[in-house]
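Taking it in order: structure first as structure tokens, then the write-up.
The values are calculated or read from the model by the stated rules, or taken from the named source; none is laboratory data. No experiment lies behind these values; they were computed from the predicted model shown. When we count neighbours, we look across all protein chains shown, and the Cβ atoms used for this are built from the backbone with ideal geometry, even at glycine.
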Amino acid sequence: MSTEEDNKDAGADDPFAGWAEALEEQKRTDDKPGDVEQGGPLSGEPVRPFSGGGDGTVNDINMVLDIPVQLSVELGRTKVPIKYILQLAQGSVVELDALAGEPMDVLVNGYLIAQGEVVVVNDKFGIRLTDVVTPSERLRRVSRG
């Protein structure tokens, strides 16, 4: 197998494999001074203002599509005193504020984006989205919280 094929196989398991490859490519291009002329304010070239129209929007969104985020599903919450935490042992049951059968919160990087119900998919837990939070609703919840 070639090195490229090894990198592709590693990338399937490691979401950060592409970053390492990009850094290596950047190092290779940085090692070749004079190959590419640098533009910008210090080179004497005028700086062009950003134009937000056209195909640029599609390219801009494509830049962030592969950024990994933390998606979590929250069963519920509770507040307890520290002495209760210190008394927890194997087999202890912690009562949560959510009722059985209530929709679970789906969070991305700690922000509520949806609610759903727990399902089993190929012997693993999953969540079927029942309500996706609109951006305006997210703002309302953040300002209320």
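Details
- Leading residue by the ranking (farthest from the chain's Cα centre (by Cα)) among those in region 71-93 that are under 18 Å from VAL118 (Cβ atoms) and surrounded by 10 or more Cβ atoms within 10 Å (Cβ to Cβ): GLY76
- Within region 128-145, residues that are closer than 20 Å to GLY116 by Cβ and modelled with pLDDT of 75 or more have Cβ atoms under 7 Å from residues that are loosely packed, with under 11 Cβ neighbours inside 10 Å and not polar (S, T, N, Q) in these pairs: ARG128/VAL119, counting only partners at least 6 apart in sequence or on another chain.
- Residue match in region 99-117 (condition: part of a loop (DSSP other than H, G, I, E, B) and surrounded by 10 or more Cβ atoms within 10 Å (Cβ to Cβ)): yes
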